[in-house]
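Asker: Below is the structure I would like to discuss, written out as structure tokens.
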Amino acid sequence: MAEMTEQEDNLVLQVEEIEALKGIYGEELKVEDLLGNSYSIEIRHKHTEHSVVLKVTLPPEYPLHSPPVYQLSAPWMKGCQKVELSTALEDIYFRHSGESILFMWIEKIRDYLDIWDACDNNIQDTSESVAENCVYVNFEKYKNGGSSQQRWSDFETPLIYHGDTIVDRKSTFQAHLAPVVCVEQVQQIKTILMENRKIASATHNILAYRIYIEDKKSFHQDCDDDGETHAGSRLLHLLEILGAQNIVVIVSRWYGGIHLGPDRFKHINNAARNVLQLCGYITDQKRGADPKGKKKKTR
């Protein structure tokens, strides 16, 4: 009975939110699939011809226990801009978990369009990869893996990227990724994520990292199961076979009360693989993993 009540609460909140959005945006809000609970809206920049189409599908668990499933369509947008915008939307969800967030998402997209225009950002298609665009850490500065005498404050704080959620039998999985070049940054990223109540409340936060030490021509790597036995070592093995380096990946799992068996490991790895793919860290396995990797641009 409690489960039914919760589902009904979600449905009521969804109906109220859609009605409110219709009142605000009128015909701009389009119904894509009424039975599938899918909607879209085109957010246009007020001074340029650029626009972003946001398509959302509201799962039965939204908003109390799950975010909307969303897609961003903007062919003109650079890879790094899409990652930046997606990260901003994910951050809104984490800060307002359990709340209706579609209005905040729409207005955040509008804000980003204004910011890029104000910065005179050269908005156009680019052949550069997402990885080249989204990594802002000065790798050359810390290419030897940092020094044990250095403190957190000595290192730049990397951007953290959040992958899409995977939901199975009420359990939710989501991966978080950040570029790192020293163990101090790994701990820094973990601390920052744990400051988020939603992530801190996860049943498990499985962690793995790999850092290439240039002067030793070797990797410094480690993992943490966080109570999910063997999950950390499996995640680290995934990073190894994909040739990923100078990153930390943390996969959060919120247990839904139903045992998933071996499927839980599949979801953990798939969540990690998705965010690795998003940020361009998956190498061409046919050529093998290059320990030096492709040099990434810094900013």
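The values are calculated or read from the model by the stated rules, or taken from the named source; none is laboratory data. Everything numeric in this text was worked out from a predicted model, so none of it was measured. Backbone-built Cβ (ideal geometry, glycine too); neighbour counts: all protein chains shown. These accessible areas exclude ligands, DNA and RNA; they are computed on the full protein's heavy atoms, side chains included. Shrake-Rupley method; radii C 1.70, N 1.55, O 1.52, S 1.80 Å.
Asker: Which distance in nm do the two modelled labels at Lys216 and Val53 give, with both placed 7 Å along the Cα-to-Cβ direction?
Answerer: Between Lys216 and Val53, the simple spin-label model gives 5.1 nm.
Asker: What accessible area per residue, rounded to a whole number of Å², is obtained for the stretch 204-250 using a probe radius of 1.4 Å?
Answerer: Numbers: 1880 Å² over 47 residues.
Here the per-residue accessible area is 40 Å².
Asker: Still on this structure, please answer the following. Do the alpha carbons of any pairs in Lys78/Lys266; Lys170/Lys190; Lys55/Lys170 sit beyond 28 Å of each other, and which pairs? Could the numbers behind the result be given before it?
Answerer: Values: Lys78/Lys266 31 Å; Lys170/Lys190 25 Å; Lys55/Lys170 23 Å.
Correct reply: Lys78/Lys266.
Asker: A follow-up question, please. Ignoring ligands, DNA and RNA, what percent of the accessible area of the stretch 1-112 is carbon or sulfur (1.4 Å)?
Answerer: On the way: 3190 of 5920 Å².
C and S atoms contribute 54 percent here.
Asker: Spelling out what I want: for every residue of the stretch 50-56, take phi, set θ = phi - 60°, compute 6.51 cos²θ - 1.76 cosθ + 1.60 (Karplus), and round to whole Hz; glycine and proline get x.
Answerer: Each residue's phi maps through the Karplus curve to give 6, 8, 10, 9, 9, 10, 10 Hz.
Asker: Under a 1.4 angstrom probe, counting protein chains only, how are Val251, Val53 ranked by accessible area, largest first? Write out the running numbers ahead of the final one.
Answerer: Details: Val251 0, Val53 50 Å².
The ranking, largest first, comes out as Val53, Val251.
Asker: Distance from the Cα centre of the stretch 202-232 to that of the stretch 12-75, in angstrom?
Answerer: 37 Å
Asker: Taking all protein chains as present, what is the carbon and sulfur share of the accessible area of the stretch 208-269, in % to the nearest whole number, probe 1.4 Å? Don't skip to the end; give the middle numbers.
Answerer: Details: 1350 of 2700 Å².
Of all accessible area on the stretch 208-269, carbon and sulfur atoms account for 50 percent.
Asker: Going by average Cβ neighbours within 10 Å, how do the peptides 272-278, 17-23 rank, with the highest at the top?
Answerer: Details: 272-278: 20.4, 17-23: 14.3.
Ranked from most to least packed, the peptides come out as 272-278, 17-23.
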